[in-house]
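Worksheet: one structure, shown below.
The values are calculated or read from the model by the stated rules, or taken from the named source; none is laboratory data. Model, not experiment: these values are computed from the prediction. Using ideal geometry, Cβ is built from the backbone for each residue, glycine included, and neighbour counts are taken over all protein chains shown.
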Amino acid sequence: MKFLSEYRDQKAADQLAQQIWKKVTRPWTVMEICGGQTHTIVKCGLEDLLPRDITLVHGPGCPVCVTPIDLIDKAVAIARRPEVIFCSFGDMLRVPGSSKSLFDAKAEGADVRIVYSPLDALKLAKSNPDRQVVFFAVGFETTAPANAMAAWQADHDQVENFSQLVSHVLVPPAMEALLSSESCVVQGFLAAGHVCTVMGYEEYFPIAERYRVPIVVTGFEPLDILEGIFMTVSQLEECRHEVENQYVRATRREGNRPAQERITEVFEVVNRQWRGLGEIPASGFQLRGRFQKYDANRRYPSSAEPARESLECISGLILQGIKKPHECPAFAVKCTPENPLGAPMVSSEGACAAYYHYGRRQSHDRIQPELSGTPSR
Amino acid sequence: MCLAVPGRVVEIMDDSDIAFRRGRVDFGGIRKEINLAYTPEATIGKYVLVHVGFAISVIDEDEAKRVFKYLEELGALKEELGEIPQ
């Protein structure tokens with residue numbers, strides 16, 4: 001496919017990797033924020049192309065992974081109500097709550113449906129006026145324009161039997177939380193390309209300045225990620241800490257203004273709990289003003305039972321980049337995608353799932369890629 | 001979840017309200033109806049980046065070639081410096 005497959009070219013990847021090998025003189029630790037980037041890195045074995053001096057740590061950019069367990073419990077409780085059609089992106093279904101996942105609820109008869117877009121959930125509400133349609137509005141800034149538009153259209157078309165269980169989180173406050181932690185090992189960031197496609201990257205300039213950390217807005221294909229690493233490492237080697245944009249074909253500095261306007265109209269910024277990380281100030285969205293009538297949290301009273309996390313899951317450490325998935329004693333033994341202890345083993349963006357699916361169980365040897373016709377150094 | 005896929009706009013269904021502007025987008029042969037409210041600059045033939053049913057950006061086709069141009073120049077430079085045996 002155009003604008004996709006050409007960024008998976010192996011020869012070009014080897015050329016970029018060569019540039020990184022030439023640039024690096026010291027050890028550096030770089031975090032990719034987004035779980036989509038993590039999957040590309042692990043699936044394509046990009047780490048094996050890089051010099052041993054570069055350590056990639058995987059960030060918290062997996063909305064499924066950071067949705068708090070009490071919200072999963074709440075989703076399950078709402079889904080079990082007979083009048084409810086509960087709609088969600090597919091990723092959320094197998095995430096374990098305290099005792100059940102949405103998938104378990106579905107197996108027991110709850111009407112849980114996977115949708116591609118929040119507008120599909122709105123359509124379902126229109127065609128089922130005698131049912132309540134609840135959409136699990138999970139996601140980072142990338143997904144916020146879609147969820148904002150669903151609430152806006154519901155209001156415009158006066159659809160009363162539609163609501164959203166909102167668990168929206170924001171990337172920059174999470175980066176700041178990681179950087180201000182004493183255990184922070186991250187020296188440079190690959191910022192999440194599509195988050196910046198929506199929000200732009202003005203917000204990252206003060207972070208780069210305050211923490212003296214390079215931030216490179218990076219895409220999701222192998223060449224994007226290698227170029228993003230090259231740009232980050234170049235800054236580190238040259239003692240620079242700037243915000244740069246690798247993903248220029250899709251991302252502008254100011255982001256997508258019409259999308260931002262709609263988000264601001266529908267959502268307001270609030271403190272949010274992050275599974276594994278705790279509460280982060282001003283790190284999420286909730287519905288504001290006249291859109292609060294679509295808030296499922298208000299429409300359905302909370303269950304009294306306190307949430308229970310698995311004691312064996314170390315997802316908090318994984319999401320902060322302190323531990324790698326294969327360093328967890330439960331990894332691939334007690335915790336598998338079929339029987340996950342924590343969300344990172346479930347989600348298609350979770351670091352544990354990436355390591356499991358692509359067979360990364362230990363540190364690999366790194367071999368400098370040789371270009372055909374190029375004498376090895 | 002932040003996955004977005006590029007596709008080519010093949011048809012536009014305009015609405016009096018921009019919030020309902022839609023189009024048909026071709027993803028390597030599969031066509032889907034996509035909301036174009038956030039990309040008023042998207043016209044037929046352009047590539048848009050689509051996430052959960054919404055176009056969030058129009059692909060800049062010149063910028064899309066940048067990395068390949070860079071690698072090409074690098075190759076030419078190497079040749080000049082005699083790093084690649086001819």
Any residue in the stretch A:290-300 that is of a type in the set (D, E, K, R), outside any loop (DSSP other than H, G, I, E, B) and touching a helix residue (DSSP H, G or I) at 6+ places or on another chain (Cβ under 7 Å)? yes
Restricting to the stretch A:85-121, give me the number of residues that are under 30 Å from B:Ala55 (Cβ atoms) and outside any helix (DSSP H, G or I). 14
When the residues of the stretch A:254-280 are filtered to those that are among the polar types (S, T, N, Q) and away from every other protein chain (no Cβ under 14 Å), which remaining residue is nearest to A:Pro96 (Cα to Cα)? A:Gln273
Just for the stretch A:57-83: of the residues that are in a strand (DSSP E or B) and in contact with a helix residue (DSSP H, G or I) (Cβ under 6 Å, 6 or more places away or on another chain), which one is nearest to the other protein chains (Cβ to nearest Cβ)? A:Gly61
On the basis of being surrounded by fewer than 20 Cβ atoms within 10 Å (Cβ to Cβ) and closer than 27 Å to A:Val270 by Cα, does A:Ser98 make the cut? yes
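Which residues, taken from the stretch A:160-189, are within 14 Å of chain B (Cβ to nearest Cβ) and either out of contact with any helix residue (DSSP H, G or I) (no Cβ under 9 Å at 6 or more places or on another chain) or farther than 26 Å from A:Gln320 by Cα (or both)?
A:Gln164
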Scan the stretch B:72-84 and give yes if some residue there is assigned to a strand (DSSP E or B), more than 9 Å from chain A (Cβ to nearest Cβ), more than 22 Å from A:Val248 (Cα to Cα) and modelled with pLDDT under 95, otherwise no. no
Any idea which of B:Ala64, B:Ala37 is under 26 Å from A:Gln260 (Cβ atoms), more than 16 Å from the chain's Cα centre (by Cα) and within 7 Å of another protein chain (Cβ to nearest Cβ)? B:Ala37
Mind checking which pairs have a first residue in the stretch A:112-128 that is more than 20 Å from A:Gln158 (Cβ to Cβ) and a second that is among the β-branched types (Val, Ile, Thr) and part of a strand (DSSP E or B), Cβ under 8 Å, 6 or more apart or different chains? A:Arg113/A:Ile85
Output for the stretch A:44-56, where each listed residue is among the charged types (D, E, K, R) and either in a strand (DSSP E or B) or touching a helix residue (DSSP H, G or I) at 6+ places or on another chain (Cβ under 7 Å) (or both): A:Glu47
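Sort through A:Val64, A:Val76, A:Val30 and tell me the only one that's more than 13 Å from the chain's Cα centre (by Cα), crowded, with 21+ Cβ neighbours inside 10 Å and within 21 Å of A:Leu319 (Cβ to Cβ). Steps first, answer last, please.
Values: A:Val64 fails: more than 13 Å from the chain's Cα centre (by Cα); A:Val76 fails: within 21 Å of A:Leu319 (Cβ to Cβ).
Going through A:Val64, A:Val76, A:Val30 in turn, the sole match is A:Val30.
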If you check A:Val115, A:Val138, which single one turns out to be surrounded by fewer than 24 Cβ atoms within 10 Å (Cβ to Cβ) and within 11 Å of chain B (Cβ to nearest Cβ)? A:Val115
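Among the candidates B:Val48, B:Val25, B:Val52, B:Val9, single out the residue that is surrounded by 15 or more Cβ atoms within 10 Å (Cβ to Cβ) and either at the interface with another protein chain (Cβ under 8 Å from one of its Cβ atoms) or at pLDDT below 95 (or both).
So the residue among B:Val48, B:Val25, B:Val52, B:Val9 that is surrounded by 15 or more Cβ atoms within 10 Å (Cβ to Cβ) and either at the interface with another protein chain (Cβ under 8 Å from one of its Cβ atoms) or at pLDDT below 95 (or both) is B:Val52.
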Go through (1) touching a residue at least 40 places away in the same chain (Cβ under 8 Å); (2) at the interface with chain B (Cβ under 10 Å from one of its Cβ atoms) one by one and return the number of the condition A:Pro96 breaks. (2)
Consider A:Ile318 against the criteria (1) buried (at least 20 other Cβ atoms within 10 Å of the Cβ); (2) assigned to a helix (DSSP H, G or I); (3) modelled with pLDDT of 90 or more: it satisfies all of them except one. Which criterion is unmet? (3)
Report the residue count in the stretch A:166-186 for those that are closer than 30 Å to A:Tyr300 by Cβ and either assigned to a loop (DSSP other than H, G, I, E, B) or aromatic (Phe, Trp, Tyr) (or both). 1
